[in-house]
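What follows is a single structure, written as structure tokens, with notes after it.
Bear in mind that the values in this text are calculations on the coordinates, not laboratory data. What you are looking at is a predicted structure, and each value in this text was computed from that prediction instead of being measured. Neighbour counts are summed over all protein chains in view; Cβ atoms, including those assigned to glycine, are modelled from backbone coordinates with ideal geometry.
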Amino acid sequence: MDFLAILRMSEHLTSEDERFMRRALSLARRGLGRTSPNPMVGAVLVRDGRVIGEGYHRRFGGPHAEIEAIADAGGDTSGATLFVTLEPCCHLGKKTPPCLDTLLRHDLRRVVIGTIDPNPAVSGRSAKALRDHGIETATGVLEKECRRLNEVYFKYIRTRMPFVTIKYAATLDGRIATAASASRWISSPASLKLAHRLRSLHDAVLVGAGTILADDPRLTVRLVRGRSPVRFVLDSRLRIPVDARVLDEQETAKTLIVSTPGADAEKAAQLAGRGLELMTVREDQAGLVHLDDMLRKAGEKGISSVLVEGGATVITSFIRRGLADRFVVILAPKILGKGIEAVHDLGILEVRDALGLTFTGVRRSGEDIVIEARPATGGAHRSPGSS
């Protein structure tokens, strides 16, 4: 029997455990877009069936949810039960002290944990320490929901590579631009606002050099409140102009140019002279940026989530490499006929070889429909011919 199974053996769950854990989940979601690369966490303190304190992780570097809940309770936690969506931290080397030490100093009767922390420095250790100190501890309450809340964190900790969301707006016949490359505006104003919201929730937004040359986008967050992500531009040969708008506003939205060893050295010097960071990665078989290598290096920089906005060549490359964790597709009630497809040739000749998806959400956005989907195989698909 494994260690986590032993932890679960003597758990005594009450009928109200899920109710209070759902409240903790609701609190945790308030930290969306503010805690990366830390997870979102919510905590609720309950005594005699009444909530006496609540808290959530508000921002990276700030107090953790458990500490917020204890403060909200005025420090009096004697005989209380703590509901927390993720196992409390017990390791050093962070901006805040280990939460476990604080919890052990308070007279808690019980701790209910949504899911064990995947971080090897924690993973089950805090739950065991609480038990060893005589505190009744339950794990796995609404575990699926708690893991889904922090799917970005779980992937980043497990692989040290960012969670990848592919987003594009297309007509009903799957075109992201006309045959003349005109794409403004396929989607509705409400969907443009949604696109900016998505940017604010990711550590980085990524496009290819073709998008910069065609549209000269800024890739910042403007239509909603929120931080602008790091702007990644895939430009294997450094074709983008030095006056591109994506190179402006470096104080609030850093731009990182990803190139290959064969890039123009003189152009690289020009870009570096503007104070821009260049990331050199190896080439793939087509002589383009090797996406796996790029994502690994992004992870080393603490980038835990990337929003891929295009264009079609970049989107296709991510799909071919099996690197997409989520798709957000905005479908506009328009038909263009001939135009640029959202996804180019994947080398698939049989329907059985298609990338299988699971729809996880459908909603309206102004005149458009927004579809969220995930690879049915968890993102492991690679199209024929990929390597």
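For this structure, a couple of remarks:
- Within the chain: Cβ-based charge dipole about Cα centre, in debye rounded to nearest 20 (Lys, Arg +1; Asp, Glu -1): 480 debye
- Cα-based shape type of the chain, given that a ≥ b ≥ c are square roots of the gyration tensor eigenvalues and the cut on a/c is 1.5: prolate
- Assigned charges on the beta-carbon of Lys, Arg, Asp, Glu; the stretch 215-290 dipole about Cα centre (debye): 320 debye
- Cα shape, the stretch 176-256, gyration tensor, a/c 1.5 rule: oblate
- Rounded to the nearest 20 debye, the dipole size of the stretch 203-244 about its Cα centre is 180 debye, using +1 on the Cβ of Lys and Arg and -1 on the Cβ of Asp and Glu.
- Summing Lys and Arg as +1 and Asp and Glu as -1 over all other residues whose Cβ lies under 15 Å from the Cβ of T178 gives a net charge of +1.
- Amide H contacts of T137 (H built 1.01 Å from N, under 5 Å, at least 5 apart or other chain): V111
- Leading residue at positive end of dipole, the stretch 134-182 (Cβ point charges), from T165, I135, N150: T165
- Formal net charge of residues neighbouring L223 (Cβ-Cβ distance under 9 Å; K, R +1; D, E -1): +3
- Using θ = phi - 60° in the Karplus curve 6.51 cos²θ - 1.76 cosθ + 1.60, the 3J(HN,Hα) couplings for the stretch 41-57 round to 9, x, 9, 9, 9, 10, 9, 6, x, 10, 6, 10, x, 9, x, 8, 6 Hz; x is entered for Gly and Pro.
- Listed by chain and number, the lysines whose alpha-carbon sits under 26 Å from that of K167, ignoring those within fewer than 8 places in the same chain, are K144, K155, K193, K254, K297, K301, K334, K338.
- With contacts taken as Cα pairs under 8 Å and at least 6 residues apart, the chain reaches a relative contact order of 15 percent.
- Computed from backbone phi with θ = phi - 60° and the Karplus coefficients 6.51, -1.76 and 1.60, the 3J(HN,Hα) list for the stretch 279-286 is 10, 9, 10, 6, 7, 8, 5, 8 Hz; x is used for glycine and proline.
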